[in-house]
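Derivation of every value follows stated rules applied to the coordinates shown; laboratory data play no part. Just so it is clear, the structure is predicted and the values come from calculations on it, not from any experiment. Positions of Cβ are generated from backbone atoms using ideal geometry, with glycine treated the same way; all protein chains shown enter the neighbour counts.
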């Protein structure tokens, strides 16, 4: 049984337990560790906060074992390093005087080891335990808890379990909804993570409803044309397009275009990207007359940004020529036929 505080013994219904494999510390390992001067290392895992460990860490046996494991990794001795990381975790679990932070760090280091080697099934129970611990001890809007759940969701995705990734985000969403205001921006961020899970499963109607809810929260906080809503509008347009609801996609992108022009000006490259998407949408809807001025504005922006003879400009020029090849007896369309500096909005 893991030696943990009474608070850490409580199990959350959203998770199952697991068994950690245990090994024995040899005399030679003790000798090597005794010769090492302990120097606290910084956070290792990519989701750890720089200031998470408060105060000065007390050298412990598990910390010394982990330090030796890192030295083995630097020498390319991965199997030996793995055994030591497992050993460090066992020591943290068994030490009667072990603080929660020591066990937490041992879990992180072994999970980091497995994730960096693509051994996601081995990393999953470790990160799940971290989620359990941090969900009990941190606020639901704490960035460390959110990043740990992001890590667990990523592991589930890499293991081919998208439904579990969806479930863990719903778990976080429930925690946040119980503790925060319904229009808190943290909830919006979690909603968008959940929507991304649906998109990866091609569950576009479900993703649409989640994105709309996130958008509503952002509009409450920033206004309908706030800078912060731009990326959500783009995500929503992508979902509409995937459902062949092209009119709605064009409407949303037009709104995003207004925001981007206000931020970057009429000739910004992000504006060109949005215009290009709009032009493609109108072409797809057989509304080529509305798409043509979009393409011409993009061409002008690209020429000013990259030069007329670059691959980007030449590729777009060929695309325009193919789409708008003049019919027999019709005058040939040229760039000069358009006021390329004027914003064209449907």
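For each of 134, 287, count neighbouring Cβ atoms within 10 Å of the residue's Cβ, then give the residues from fewest to most.
Working: 134 19, 287 15.
Exposure proxy ranking, most exposed first: 287, 134.
When averaged across all projection directions, what area in nm² does the alpha-carbon convex hull of the range 231-332 cover? Intermediate values should be presented prior to the final figure.
Numbers: hull surface 27.7 nm².
Taking the Cα atoms of the range 231-332, their convex hull projects to 6.9 nm² on average.
Could you work out how much longer the chain between residue 163 and residue 77 gets when fully extended? Use 0.36 nm per residue separation minus the Cα distance between them, nm to one decimal. Provide the component values of the computation, followed by the final result.
Details: separation 86, 0.36 × 86 = 30.96 nm, distance 3.58 nm.
Full-extension gain reported as 27.4 nm.
How long are the semi-axes of the equivalent ellipsoid of the range 138-244, taking √(5λ) for every eigenvalue λ of the Cα gyration tensor, in whole Å from largest down?
Working: eigenvalues 89, 77, 20 Å².
For the range 138-244, the ellipsoid semi-axes come out as 21, 20, 10 Å.
Report Rg(Cα)/(2.2 N^0.38 Å) for the range 205-291, keeping two decimals.
Values: Rg = 12.9 Å, N = 87, 2.2 N^0.38 = 12.0 Å.
My calculation over the Cα atoms of the range 205-291 gives 1.07.
Give the peptides 190-198, 140-148 in descending order of average Cβ contacts within 10 Å, highest first. Display every interim value, and only then the final one.
On the way: 190-198: 23.0, 140-148: 18.8.
Result, highest mean first: 190-198, 140-148.
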